[in-house]
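Every number here is computed from the coordinates shown, using simple stated rules; none is lab data. This is a predicted model, so every value here is computed, not measured. Ideal geometry is used to build each Cβ from the backbone, glycine not excepted, and the neighbour counts take in all protein chains shown.
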Amino acid sequence: MLMQQFKEVEDVTTELREALARAGVVLPSLRPDPVSIAHCYIPPLVELGRCSMEVARRLTEALAERSGGERS
């Protein structure tokens with residue numbers, strides 16, 4: 001079960017990394033969260049990590065484009 005969860009969180013992390021890259025966004029700290037993977041009672045988490053203000057702006061723009069341009 002643990003190996004299956006590890007594979008699943010690695011796969012979704014890769015999918016997210018690739019989708020962000022297509023939108024011109026790179027989150028250098030994006031990775032599976034090792035603590036949650038080893039935990040028995042919580043689901044595995046994806047750690048998005050920290051990013052620069054420029055990356056945050058690009059991510060905001062990519063999300064705005066996807067949602068039809070709505071920004072708050």
Checklist entry - Taking the Cβ-Cβ separation of MET3 and ALA64 as r and a Förster radius of 35 Å, what is the calculated FRET efficiency to the nearest 0.05? => result 0.35
Next on the checklist: Give me a comma-separated list of calculated 3J(HN,Hα) values for segment 39-51, in order, Karplus coefficients 6.51, -1.76, 1.60 applied at θ = phi - 60°, integers in Hz, x for any Gly or Pro.
Outcome noted: 7, 7, 10, 10, x, x, 10, 9, 8, 7, x, 9, 8
Item to check | With 5 Å bins from 0: P(r) over the chain, alpha-carbon pairs, percent | outcome: 3, 16, 21, 19, 15, 12, 8, 4, 0
Item to check | Pairwise FRET efficiency - ARG22 versus ILE42, Cβ, R0 = 22 Å, nearest 0.05 | outcome: 0.15
Checklist entry - Whose amide H sits under 5 Å from the amide H of GLU47, counting only residues 5 or more places off or on another chain, with H placed in the peptide plane? => result ARG31, ASP33
Checklist outcome for this item: Rounded to the nearest 10, the angle in degrees between the Cα long axis of helix 53-66 and the longest principal axis of the Cα atoms of the chain comes to 80
Next on the checklist: Could you work out the relative contact order of the chain? I mean the mean sequence separation of Cα pairs under 8 Å and 6+ apart, divided by the number of residues, in percent.
Outcome noted: 29
Checklist entry - If each of GLU10 and ALA56 carries a label point 7 Å out from its Cα toward its Cβ, how far apart are those two points in nm? => result 3.2
